[in-house]
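Undergrad: I have a structure here, written as C-alpha cells, and I will follow up with some questions on it.
The values are calculated or read from the model by the stated rules, or taken from the named source; none is laboratory data. Please read these numbers as outputs of a predicted model, since none were measured by experiment. Heads up, the Cβs are rebuilt from the backbone with ideal geometry, glycines too, and the neighbour counts pull from every protein chain shown.
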Amino acid sequence: MQLRELYEEFRSVVSGKTLDALLPPLVFALVSTSVGLAPAVLSSLGLAAVFGGIRLLRRQVWYYALGGLAGAGAASLLALLTRSAANYFVPGLITSAGVLLLAVISLVMGRPLIAWVSHLTRGWPLAWFWRDDVRPAYGDVTVVWAGFFLVRLIVQLVMYLRGDVTALAWANIVLGWPVTVALLVFTYVYGIRRLRQLGGPGVDEYTAGKNPPWRGQIRGF
C-alpha cells in the first residue's frame, strides 16, 4: 500500500503542471542568450499558450491550463519592462521566499505549514493535526521543507545577482520537480514512521472517536 501511494504522489506531481512550469523558462533562457529578449519572450509565451490550449482541449482543470500561461506572462512582462532577462525569474525568487517565510511563521506559531497543506488537500479534520501526538511529525517535515526552500532561494539569488539566465533556468529545473518528488517520498515515509512513534490515533480512529490503544496512522500523511 505504501509503494502504491508513493506512486500516486509521484504521478500527481509529474502529471500536474510539470511541463508547463519547466519548459517555458528553459526555452526563454536558451533563446535570450542566443537571439535576444524579445524573441525569448515570444517563444516562452507561445510555448505556454500551446500547453494551455492542449489542456483546455483535453478538458483538464482550467487553472492548470491557464496557470502556466499566466506565470509565463507575468515573468515575461517583468523582463520586458526592466529590459533584463534575469528578471524573468524574479517571480520564482518571490515564491521561494514566500514559502520559506510561511514555513517559518507556521513553526513559530506551532501550526506547521505541511499540516495545513495536508488538511487542504486531504480534507482531514484540522483538530487532528494539532494533537500533541500528531503535530510534531508535521513540524519535523515542515523544517525539512523550509530548509529546502532556503537552499533554493540562496541558489536562485546567487545566479540572479550574477545575471546568469541559463544557470537560473537550470537551477529552477533541478530544484523543481526532481527534488520535490524526493521530498514527497521523504515526507510520506518519515511522516508515517514519526506518527507511529508518537503513538497517536490514525485520522480514521480520531474521526470515529475510538479510545486507545490506537492502531495509528496506516496510510496517508
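Undergrad: Run Trp124 past the list (1) more than 25 Å from Ile192 (Cβ to Cβ); (2) part of a loop (DSSP other than H, G, I, E, B); (3) of a type in the set (Phe, Trp, Tyr) and report the number of the one that doesn't hold.
TA: For Trp124, the failing item is (1).
Undergrad: From the list Val108, Val185, Val155, Val144, exactly one residue is out of contact with any helix residue (DSSP H, G or I) (no Cβ under 9 Å at 6 or more places or on another chain) and under 30 Å from Phe89 (Cα atoms). Which is it?
TA: Val108
Undergrad: Would a scan of the range 212-221 turn up a residue that is aliphatic (A, V, I, L, M), at pLDDT below 85 and farther than 22 Å from Gly98 by Cα?
TA: Yes, there is a match, as at least one residue in the range 212-221 is aliphatic (A, V, I, L, M), at pLDDT below 85 and farther than 22 Å from Gly98 by Cα.
Undergrad: Restricting attention to the range 81-90, report how many residues are in a helix (DSSP H, G or I) and surrounded by fewer than 16 Cβ atoms within 10 Å (Cβ to Cβ).
TA: Result for the range 81-90: 2.
Undergrad: Another one. Report yes if Ala167 is without any contact (Cβ under 8 Å) to a residue 12 or more places away in the chain and touching a helix residue (DSSP H, G or I) at 6+ places or on another chain (Cβ under 7 Å), otherwise no.
TA: Yes, satisfied.
Undergrad: Looking at the range 165-216, which of its residues are among the small types (Gly, Ala, Ser) and under 15 Å from Trp128 (Cα atoms)?
TA: Gly191, Gly199, Gly200, Gly202, Ala208, Gly209, Gly216
Undergrad: Restricting the search to the range 199-221, which residues are among the hydrophobic types (A, V, I, L, M, F, W, C), within 28 Å of the chain's Cα centre (by Cα) and surrounded by fewer than 16 Cβ atoms within 10 Å (Cβ to Cβ)?
TA: Ile218
Undergrad: Based on what the data block shows, is Ala103 more than 16 Å from Gly191 (Cβ to Cβ) and buried (at least 21 other Cβ atoms within 10 Å of the Cβ)?
TA: Taking the combined requirement at face value, the residue does not satisfy it.
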